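**Q** One structure, as structure tokens, below. Some questions next.
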Amino acid sequence: MFGALNRFISRLDAAPEDQSPASQGGYGFQVLRNTNPEVPLEPWFDFIIGINGHTIDNPDPNLFATEVRNCAGTTVSLGIYSAKGQKIREIFLPIPASSPTLGISLQWTPLSTSYDVWHILDVIPNSPAEQAGLLPYGDYVIGSPEGLVRGESGLGELVEDFLNRPLPLFVYNHEYNVTRPVTITPSRTWGGDGALGCVLGFGALHRIPAPLEEPPQAPGETLFAAGTGAGTSQHTSFDEKRGGPEAGGTGLVGNDAAAATAAADAGLDDYFREGEIKSQEEDYAPRPKGDVPPPPRVGAAAAAGPPPKGGPGGPPRSGTGTPVQGSGEREGKSEGGEEGKP
């Protein structure tokens, strides 16, 4: 059932070339190489989708380079989409006036390419996957230097082309947050099922999660965003993620935002103070008197003498009382497993 669900979701995620960028879930400049250690961008995983508070919708790299040069001597703001956890963040980088460049290589790429990963779910002993050092659950195959691997069948087609030949792969490990090259030799004669000897997962349930050192999702946060109709972008634009009047927010800035926050905090304080006062009133309030009479005093019970036989109402009527011995016998029978009938 999960295999059919993954195939269905992968078909929804697959983006034909003739579709518009909006239906494909958006585009961005994928980071291919980073030679500047001061720029916190990871190759392959990070996509630049916004600059200086605006979403990038033009694939011309010259416009992006011009915008960076215009920030020479100041700071540039970049909106980054990460394939790790499918999250959007904003970073601020100083641009030197002498050399207004970032030192990175970019390529205009659809964001859906970050979904083309294969999760290693299980590794069979003595298989090519085990000999190559693949680890179950923590490893993700993200690509190969031999060419593009796209779609659910992309890795299988590449494996068939490299039967009995070394196949280099790029593998990301979620537990250690590192990417390493792995060389595997597919074979049909290793003694088990498949050419790799491992179980693979593909689709929405097997995308790369956020690193373990990042805080987990807070209660109430959106895990998966659903579109409202056909052709709706799957990813929120950078302008919408930043908020503000353009995103339909309140547009409060400066003192207005501080006043609104203070008013909200004051309302909560009043609410909790009212509950505290009500609780104290209930704790110290006298309990209402019931109809049950108070118990007799010790001396009063001894002076009154023994109670009359049969109690205050006289001897019990026939069939209304239960002797103590009969009660014990009945309980003993019930505990012995009988129904308790005479």
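The values are calculated or read from the model by the stated rules, or taken from the named source; none is laboratory data. Since the structure is predicted, the reported quantities are computational estimates derived from the model, not experimental observations. When we count neighbours, we look across all protein chains shown, and the Cβ atoms used for this are built from the backbone with ideal geometry, even at glycine.
**Q** Taking region 114-156 as the region of interest, how many residues are under 19 Å from P209 (Cβ atoms) and crowded, with 18+ Cβ neighbours inside 10 Å?
**A** Initial filter on region 114-156 (under 19 Å from P209 (Cβ atoms)): 114-122, 134-143.
When the remaining residues are screened for being crowded, with 18+ Cβ neighbours inside 10 Å, the result is 114-120, 134, 139-143.
Number of matching residues: 13.
**Q** P37 passes all but one of (1) modelled with pLDDT of 95 or more; (2) assigned to a loop (DSSP other than H, G, I, E, B); which number fails?
**A** (1)
**Q** For region 56-169, which fully contained strands (runs of 3 or more DSSP E) count at least 3 residues that are out of contact with any Lys or Arg (no Cβ under 9 Å at 6 or more places or on another chain), more than 22 Å from V39 (Cα to Cα) and touching a residue at least 24 places away in the same chain (Cβ under 8 Å)? I'd like the intermediate steps shown before the answer.
**A** Working: elements: 75-82, 87-94, 104-110, 118-123, 139-143.
So the answer is 118-123, 139-143.
Quick grid of which residues meet (1) in the same structural domain as E42 (by TED's automatic domain parsing); (2) closer than 15 Å to L106 by Cβ; (3) in contact with a helix residue (DSSP H, G or I) (Cβ under 7 Å, 6 or more places away or on another chain):
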residue: P59; (1), (2), (3): yes, yes, no
residue: E67; (1), (2), (3): yes, yes, no
residue: A72; (1), (2), (3): yes, no, no
residue: V76; (1), (2), (3): yes, yes, yes
residue: I80; (1), (2), (3): yes, yes, no
residue: K84; (1), (2), (3): yes, no, no
residue: R89; (1), (2), (3): yes, no, no
residue: F92; (1), (2), (3): yes, no, no
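**Q** Is it the case that L41 is under 25 Å from the mean Cα position of the chain (by Cα), free of Cβ contacts under 8 Å to residues at least 60 places away in the same chain, surrounded by 14 or more Cβ atoms within 10 Å (Cβ to Cβ) and in the same structural domain as G103 (by TED's automatic domain parsing)? Steps first, please.
**A** Numbers: under 25 Å from the mean Cα position of the chain (by Cα): yes; free of Cβ contacts under 8 Å to residues at least 60 places away in the same chain: no; surrounded by 14 or more Cβ atoms within 10 Å (Cβ to Cβ): yes; in the same structural domain as G103 (by TED's automatic domain parsing): yes.
In short, no.
**Q** Now for a different question. How about region 170-206: which of its residues are under 15 Å from L134 (Cα atoms) and of a type in the set (V, I, T)?
**A** Those that are under 15 Å from L134 (Cα atoms) and of a type in the set (V, I, T): V171, V178, T179, V182, T183, I184, T185, V199.
Let's see how each residue does on (1) at pLDDT below 95; (2) under 27 Å from P168 (Cβ atoms):
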{"residue": "N62", "(1), (2)": "yes, no"}
{"residue": "A65", "(1), (2)": "yes, no"}
{"residue": "L78", "(1), (2)": "no, no"}
{"residue": "G85", "(1), (2)": "yes, yes"}
{"residue": "S99", "(1), (2)": "yes, no"}
{"residue": "L111", "(1), (2)": "yes, yes"}
{"residue": "V123", "(1), (2)": "no, yes"}
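**Q** Quick check on my filter: what residues within region 107-149 are aromatic (F, W, Y) and touching a strand residue (DSSP E or B) at 6+ places or on another chain (Cβ under 8 Å)?
**A** First, the residues of region 107-149 that are aromatic (F, W, Y): 108, 115, 118, 137, 140.
Those that are aromatic (F, W, Y) and touching a strand residue (DSSP E or B) at 6+ places or on another chain (Cβ under 8 Å): W108, W118, Y137, Y140.
**Q** On to the next question. Counting just the residues of region 132-154 that are touching a Ser or Thr at 6+ places or on another chain (Cβ under 8 Å) and not β-branched (V, I, T), which one comes out nearest to F202 (Cα to Cα)?
**A** E152
**Q** With respect to the numbered conditions (1) in contact with a Gly (Cβ under 9 Å, 6 or more places away or on another chain); (2) more than 30 Å from G192 (Cα to Cα), which one is the sole condition not fulfilled by N126?
**A** The single condition N126 does not satisfy is (2).
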